[in-house]
1. Could you name every residue in the range A:4-42 that has 40 Å² or more less accessible surface in the full protein assembly than in its own chain alone (probe 1.4 Å, ligands and nucleic acids excluded)?
2. Given the Cα-Cα distance of B:GLN216 and B:LEU6 and 0.36 nm per residue of separation, how much length would full extension add, in nm?
3. Could you pull out every one of the lysines with an alpha carbon less than 24 Å from that of B:LYS205, ignoring same-chain neighbours closer than 8 positions?
4. What percentages make up the Cα-Cα pair-distance distribution of the protein assembly as shown when the bins are 10 Å wide from 0?
5. For the range B:257-270, what does the Karplus curve 6.51 cos²θ - 1.76 cosθ + 1.60, with θ = phi - 60°, yield as ³J(HN,Hα) per residue in whole Hz, taken in order and with x for Gly and Pro?
6. In whole percent, what relative contact order does chain A give with Cα contacts below 8 Å and a gap of six or more residues?
7. Is the range B:1-92 best put as rounded, prolate or oblate by its Cα gyration tensor, with a ≥ b ≥ c the root eigenvalues, rounded for a/c under 1.5, and otherwise prolate when a/b is larger than b/c, oblate when not?
8. Based on the Cβ-Cβ distance from B:LEU193 to B:LEU134, what FRET efficiency comes out when R0 is 51 Å, to the nearest 0.05?
Amino acid sequence: MPRALVLNESDNVATLIDTGKAGDACALQGEAKGTVKLLADVPFGHKVCIKDTSEGQEIVKYGTIIGKASAAIRSGAHVHIHNVESVRGRGDQAGTSK
Amino acid sequence: MSATFLGYPRKNGSIGVRNWVGVLSIMDNCNPITRAICNAVEGTIPITTLFVRGQYGRDLEITYNSLAGMGANPNIASVLLIGLEEMTTEEVARRIRPTGKRIEVIHLQPDGTINAVANGTRKAMRLAIEASGLRRQSCPASSLVIGVECGGSDTTSGLSCNPAIGRMADRLVDDGGTIIISETSEFFGAEHLFAARAIDDKVRKEFVDKVVGFEQDAMKMGLDIRGTNPTPDNIRGGLTTIEEKALGAMAKAGTRPLVGVLDYGEPPVRKGMHFMATPAPAVESMTAFAAGGCQLIFFGTGVGNPIGNMVSPTVKVSGNVNTLRTMPDNIDVDVSELIEKGSKVPDVGDRLYDYTMEVASGTRTTSEVLDNRETAISRFGPTI
């Protein structure tokens with residue numbers, strides 16, 4: 001069973017410390033317990049969503065905002081650049097609404 | 001009891017952890033001579049630069065200060081300056097002179113490169129023999145200035161190597177030493193947490209101004225920095241945003257108060273934990289550490305970045321089991337037990353601090369032994 005670390009109880013993502021395959025039950029460690037069923041393959045070191053998150057909602061790791069969801073993300077989904085946006089250093093968005 | 005190590009006391013009161021003769025290029029066109037002399041003389045290291053000619057204003061000033069800072073670094077016993085002509089060489093020489101260390105000079109004009117290599121080799125040989133007469137003595141950890149860096153970061157960096165380095169940093173500060181963290185853009189998203197550690201409002205404002213100013217400069221380009229920072233290897237390692245990377249990166253500065261903010265390559269004047277404003281790429285950032293007087297650098301890596309600094313021996317620390325399997329020759333300290341076995345950061349960090357004193361006393365690092373080292377002074381303006 002792949003393991004994933006939760007760093008703060010307010011986090012909505014956990015970090016895989018093993019390689020995860022779609023369908024695996026992933027064991028949560030750290031600041032959360034239980035399991036989450038992976039909806040997709042999640043490589044070592046990548047993040048899995050542990051709380052359903054709607055588009056535009058903040059992504060929280062270390063108890064701190066690391067970006068916002070650019071699409072709805074279900075618990076168990078791979079969380080990465082395809083569904084999370086940085087809100088910093090975005091010169092491409094300067095002058096437009098955030 | 002405070003830690004001690006065996007180091008080389010210098011005339012200005014600083015302590016070297018190495019005892020090299022520094023052969024230093026005053027400008028880019030001198031590098032071939034510098035390298036030829038270093039190939040011929042054991043005990044020397046080349047300190048090179050890719051520019052100087054055509055630089056001006058603040059950009060040239062930072063370059064001169066950085067070159068001289070590397071020559072003045074306590075790890076350098078004496079220096080041989082390789083210049084094109086006398087005026088520019090004197091700009092660097094006069095900045096090193098206050099250290100009291102011996103300075104020899106070779107010029108390419110008017111005698112040409114073959115004579116410059118021959119005369120430089122003779123001078124470097126004499127300096128190397130003289131330096132070898134120095135002996136290590138017991139020195140307090142408070143004399144150490146250590147740069148903390150990360151590169152080839154991934155999500156294991158923020159969970160293992162960076163917190164372990166942070167514990168080492170806290171131990172050194174508690175023993176009266178000095179820590180410098182750099183890489184301005186790697187505070188985007190974490191600056192509020194770091195700013196809260198400033199000892200007063202002045203230091204807090206200096207820090208925030210550096211980070212906000214740097215982000216505004218980047219924003220003026222009209223670009224999205226994603227793909228540049230986080231880098232493609234960061235993203236492959238699971239880091240999604242600069243904010244996520246910043247939170248992991250900050251862990252390597254430990255938990256002690258921020259006492260000072262430094263410009264690129266500027267030496268700290270007080271003890272404690274400092275921030276130095278540098279670009280994020282490791283070679284440029286570590287060059288600034290060496291110029292600022294760091295005797296050692298601790299470098300956390302996730303997916304694996306093997307490069308070290310020429311003047312400041314660089315200790316590579318990783319907690320990524322895959323990297324430790326595929327790139328073991330490039331890692332000095334394995335801290336994967338933090339993730340794999342649930343070991344505690346203070347325990348692992350304390351062992352890292354013990355190892356700090358070993359490296360400061362002469363134990364060599366992988367990048368030193370493999371000569372996997374490079375120098376690059378950052379540019380802050382165009383050449384004309």
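1. At a threshold of 40 Å² (probe 1.4 Å), the residues of the range A:4-42 that become less exposed are A:ILE17.
2. Gain on stretching B:GLN216 to B:LEU6: 71.1 nm.
3. B:LYS220, B:LYS245, B:LYS252, B:LYS271
4. Pair shares across the bins are 4, 20, 28, 24, 14, 7, 2, 0.
5. Once rounded to whole Hz, the list reads x, 7, 9, x, 10, 10, 7, 3, x, 7, x, x, 9, 10.
6. Answer for chain A is 24 percent.
7. Oblate.
8. 0.75
The values are calculated or read from the model by the stated rules, or taken from the named source; none is laboratory data. Please read these numbers as outputs of a predicted model, since none were measured by experiment. All Cβ positions, even for glycine, are placed from backbone atoms using ideal geometry, and neighbour counts span all protein chains on display. To get the accessible areas, we keep the full protein, side chains included, count just its heavy atoms, and leave off ligands, DNA and RNA. Shrake-Rupley method; radii C 1.70, N 1.55, O 1.52, S 1.80 Å.
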